[in-house]
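To start, the structure under review is shown below, and the notes come after it.
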Amino acid sequence: MTETLLEIQGLTTSLETDTGLIRPVHDVSLSLDAGETLALVGESGSGKSMLAFSLMRLLPSAGRIESGRILWKGRDILTLGREELRRIRGKEIALIFQETGSALNPVRTIGSQLAEPLRTHLGMTRKDARDRAVELLREVKIGDAESRVRDYAHQMSGGMKQRVLIAMAIACNPELVIADEPTTALDATLQAHILELLRELKEERSLSLLLITHDLGLVKENADRVAVMYAGRLVEEGPVERILAHASHPYTVGLWQSLPKARGGEPGKAKLKALEGTVPHLATLPPGCAFGPRCPIFFEPCDQEVPTLQLVENEKRHRTACYKNDAVRNAMKTSVTR
Amino acid sequence: MTATPVLVSAREIVKLFPIQHGLLMRHSGDVRAVDRVSLEIYKGETLALVGESGSGKSTLGRILLRLMEPTSGSLEFDGVDLLTLEREPLRKMRRRMQIIFQDPYSSLNPTMTVRTIVREPLTIHRLGTKAERNERTMELLALVGLKSELAGRYPHELSGGERQRVGIARALALEPDFLVADEPVTALDVSIQAQILNLLLGLQEKLQLTYLFIAHDLRVVEHVADRVAVMHQGKLVELQSRVELFQHPEHAHTKELLASIP
């Protein structure tokens, strides 16, 4: 029996911008079991990072959580006081940021930055924290950890900085690690190494992982479940093998098709199946389904009402928000005549 | 089999960067960023140059355009020795070779409109009348799939994909024969990557361009390249046709790169 660690219910986050109020996270419901890896996939501007920031209540000052609940082991994160929240952040839930360049403090050594959460959250002494920092660097496979612990960020390569960020994230034995595009800024070989490291750590420590990525190609080996986001909303969600073999939402299909594929011995060059257009600006969303203008199978109800996420027929865990799916059409509030 | 004409020919290119003392720890002396690399690029082909960051691929790309002087070696462009060219003939030759940068966020001047950015090469080379330049600018925008209403916008108002299209339009302004594309899609979302790659493939066909395509993502390379050159620590370790390299990689580093494809 798996235990539900995180349960997001109808979460809506709004952001006050120059062009008006936008909702980068709009009515998102999603859950994560203990020990599970959930990949959150979507293009830039789809709201993935804002969802992660909402979970940690790390919103910019113009941001506000409008509605919904975020249940962390049954307790609503949104109602917690400052102190309680501080005990969860960094200790029970840790975040690996996207920018390796700016996530580390340039004027403090790697060791002192690693020691900080250990001292604050675990109350370690300076010396114990120092020793533990070295162990953590070893754990993320940084060679010569004893001397590296005295390095500054600028003395490290991009891949090494990413390892340090992972070490910081796992320092306090969190139960959930949120990794926001952890490999986007890295080379292909480094990317493979970092993902392998995350998989190993996850196994050893039975962590849950929320992996945020724009690259659907990464989910096959790295995720148990996939949730696809578009313009602030969840448009499809299900087990990874289901999503890869039987993606139901045209956006997921488009993302999948736009990935370069292995071509074997096929001669000549080959164009890709591009998903045309871009994510709409959240201030000027089209009526109905936000994916409508880019959708190859757009039809009548699509521009009338936003499709809701419903279970795909005969599936227990695969949900989609597209009118081509009968269950979604039937769930429409207004009757659709076709 | 008829010999394909060579556009770019590099022989024994070496580029040394001096190591400033105290910046790196133990070593002192020179970094051999490019270490005796020889290669030819045929007219109309796409040669992909792959390797990890620090392998010297971008440095080599810049040297082939003589945006950077090699420490030693020789370099010919369309039969002309590029390294001994004087300022004025080099400037003329430069019209035939252009570069597209990786980062569409920092490679465009934020204080210029799209129109000015794309038109600038024409202005610098004093081509045509003002009206002709403006007309050509609009043609270029259309060529890369940008709507004409974007002409008056500034880079920050554009998406990453649109910015990269602006960079491509600017690179094409002088009707070059040879384009160095330095990681042109690395900073973009996978979905937008496909759009830009298709654009580059289409332009190559239409304008008979020759590409040096610098990349670390072999998934992308497999779609766009005719031949692939692999660099590792400054050295060229393998150069093969695309099919051959993907099916029968020889060098250990090539195998490692292929193994890291997700």
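The values are calculated or read from the model by the stated rules, or taken from the named source; none is laboratory data. What you see is a predicted model, and the numbers here were worked out from it, not measured in a lab. With ideal geometry, Cβ positions are generated from the backbone for all residues, glycine too; neighbour counts draw on all protein chains shown.
Quick notes
- Count of residues meeting criterion [surrounded by 17 or more Cβ atoms within 10 Å (Cβ to Cβ), in contact with a Gly (Cβ under 8 Å, 6 or more places away or on another chain) and of a type outside the set (A, V, I, L, M, F, W, C)] in the stretch A:1-52: 11
- Remark: A:L190 falls outside the filter, which requires a residue to be under 14 Å from A:I96 (Cβ atoms), of a type outside the set (S, T, N, Q) and within 12 Å of chain B (Cβ to nearest Cβ).
- Tally of residues being modelled with pLDDT under 95 and under 21 Å from the mean Cα position of the chain (by Cα) across the stretch B:101-120: 9
- Evaluation of A:C289 against (1) over 30 Å from A:E16 (Cα atoms); (2) out of contact with any Asp or Glu (no Cβ under 6 Å at 6 or more places or on another chain); (3) modelled with pLDDT of 90 or more (one fails), failing number: (1)
- Being among the charged types (D, E, K, R) and without any contact (Cβ under 8 Å) to a residue 24 or more places away in the chain holds for only one residue in A:E66, A:E36, A:E84, and it is A:E84.
- Matching helices (runs of 4 or more DSSP H) fully within the stretch B:177-262 where at least 1 residues are crowded, with 24+ Cβ neighbours inside 10 Å and away from chain A (no Cβ under 11 Å): B:242-247
- Only residues that are closer than 18 Å to A:S208 by Cα and either among the aliphatic types (A, V, I, L, M) or modelled with pLDDT of 95 or more (or both) were counted in the stretch A:93-119, giving 4.
- Residue pairs meeting the criteria (Cβ under 7 Å; at least 6 apart or on separate chains; first within 12 Å of chain A (Cβ to nearest Cβ), in the stretch B:142-164; second among the aromatic types (F, W, Y)): B:R163/B:Y105
- Criterion (more than 14 Å from every other protein chain (Cβ to nearest Cβ) and crowded, with 21+ Cβ neighbours inside 10 Å) met by exactly one of B:L90, B:L82, B:L122: B:L82
- Of the listed requirements (1) touching a residue at least 24 places away in the same chain (Cβ under 8 Å); (2) surrounded by 16 or more Cβ atoms within 10 Å (Cβ to Cβ); (3) hydrophobic (A, V, I, L, M, F, W, C), A:V107 misses just one: (2).
- The residues of the stretch A:274-291 that are of a type in the set (G, A, S) and at negative phi, listed by number, are A:A274, A:A283, A:A290.
- Among the numbered conditions (1) crowded, with 18+ Cβ neighbours inside 10 Å; (2) away from chain B (no Cβ under 14 Å); (3) out of contact with any strand residue (DSSP E or B) (no Cβ under 8 Å at 6 or more places or on another chain); (4) assigned to a loop (DSSP other than H, G, I, E, B), the only one that A:A290 does not meet is (3).
- Residue that is farthest from the other protein chains (Cβ to nearest Cβ) [pool: residues in the stretch A:270-283 that are surrounded by fewer than 17 Cβ atoms within 10 Å (Cβ to Cβ) and of a type in the set (A, V, I, L, M)]: A:A283
- Failed condition for A:A169, given (1) among the small types (G, A, S); (2) within 12 Å of chain B (Cβ to nearest Cβ); (3) buried (at least 21 other Cβ atoms within 10 Å of the Cβ): (2)
- The one condition in (1) over 28 Å from A:L244 (Cα atoms); (2) small (G, A, S); (3) touching a helix residue (DSSP H, G or I) at 6+ places or on another chain (Cβ under 8 Å) that A:A231 fails to fulfil: (1)
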